[in-house]
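Coordinate-derived values only; no laboratory data. The shown structure was predicted, so the numbers you read here are calculated from the model rather than taken from an experiment. Every residue, glycine as well, gets a Cβ built from its backbone with ideal geometry; the counts of neighbours run over all protein chains shown.
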Amino acid sequence: MLQHTRLRRLALSLSLIGAAATLAPAVRGERGTEVTRTVPLDADGSLTLKTYKGSVTVTTGTAAQVQITARIEPDGDDEGMAESVKRTRVEIEGGGRSLRIESNYSRVKSQHSFFSFNFGNSTLPFVHYTIVMPRTAHLVVDDYKSRIRIADLKADLKLETYKGSVRIDRLEGKASLTTYKGEVHADLARVVGTIDLSTYKGTFV
């Protein structure tokens, strides 16, 4: 028991070296971490977001840029969750023609696996995104189980979610929507191109 306690204290005190330069700077609060960035993106460029759980709110405007706010919050109150929030990273890469945003939990997983904890019994933090992007830029969302809201996009949308809930308002463009056990509500302002819907045990409305 003493050895196990020492290992847990050591796990909380260690930090990995050499964080990637593309990681956005974060501001830490009492229970969470907030990341804010503004990145140029062409009006006809492409934005890709890969996330796991939390929420995604996407609205659009005319400026050739993407405003990103990401709030990392704990899912629970266990003693290791504060450290898991600190180790969760929001990666932002590119700009101009193509921009990529990803919720990166690799350091959270290494925190547990390195000390032989059962990661399957641990809970990853939430990441809540608020994004404003050019309304004519393409959007790709790869998600596991987030709450997603996308409004006033006038370009192609590709979205995949496993157990997420999705609301799409006033879409004008091609759409490829895939869900496994999720629920998708879509309001198409104007059909432009093909609409591809795919589901397994999910719902489209």
| remark: Charge tally for neighbours of THR130 with beta carbon under 14 Å away, counting Lys, Arg as +1 and Asp, Glu as -1, is +2
| field | Other-chain or far-sequence residues with amide H under 5 Å of VAL140's (modelled H) | value | LEU47, THR48, LEU49, LYS158
| note | In order over region 97-103: 3J(HN,Hα) from phi, Karplus 6.51/-1.76/1.60, θ = phi - 60°, whole Hz, x for each Gly or Pro, gives 7, 8, 9, 10, 10, 9, 7
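Working out 0.36 nm times the residue gap between ARG100 and LYS50, then minus their Cα-Cα distance, what length gain in nm do you get to one decimal? Walk me through the intermediate numbers first.
Working: separation 50, 0.36 × 50 = 18.00 nm, distance 0.80 nm.
Value of the extension gain: 17.2 nm.
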| request: Quickly work out the LEU188-to-THR59 label distance, labels modelled 7 Å from Cα along the C-beta direction, and quote it in nm with one decimal. | output: 2.6 nm
| query | Quick one: Karplus J couplings for region 170-183, per residue in order, coefficients 6.51, -1.76, 1.60, θ = phi - 60°, nearest Hz, x for Gly and Pro? | reply | 6, 7, 10, x, 5, 9, 10, 10, 10, 9, 9, 10, x, 10
| note | Other residues with Cβ under 9 Å from the Cβ of THR57 give, with Lys and Arg +1 and Asp and Glu -1, a net charge of +2
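Extension gain ARG37-ARG147, at 0.36 nm per residue separation less the Cα-Cα distance, in nm? The partial results should precede the final answer.
Working: separation 110, 0.36 × 110 = 39.60 nm, distance 2.15 nm.
Gain on stretching ARG37 to ARG147: 37.5 nm.
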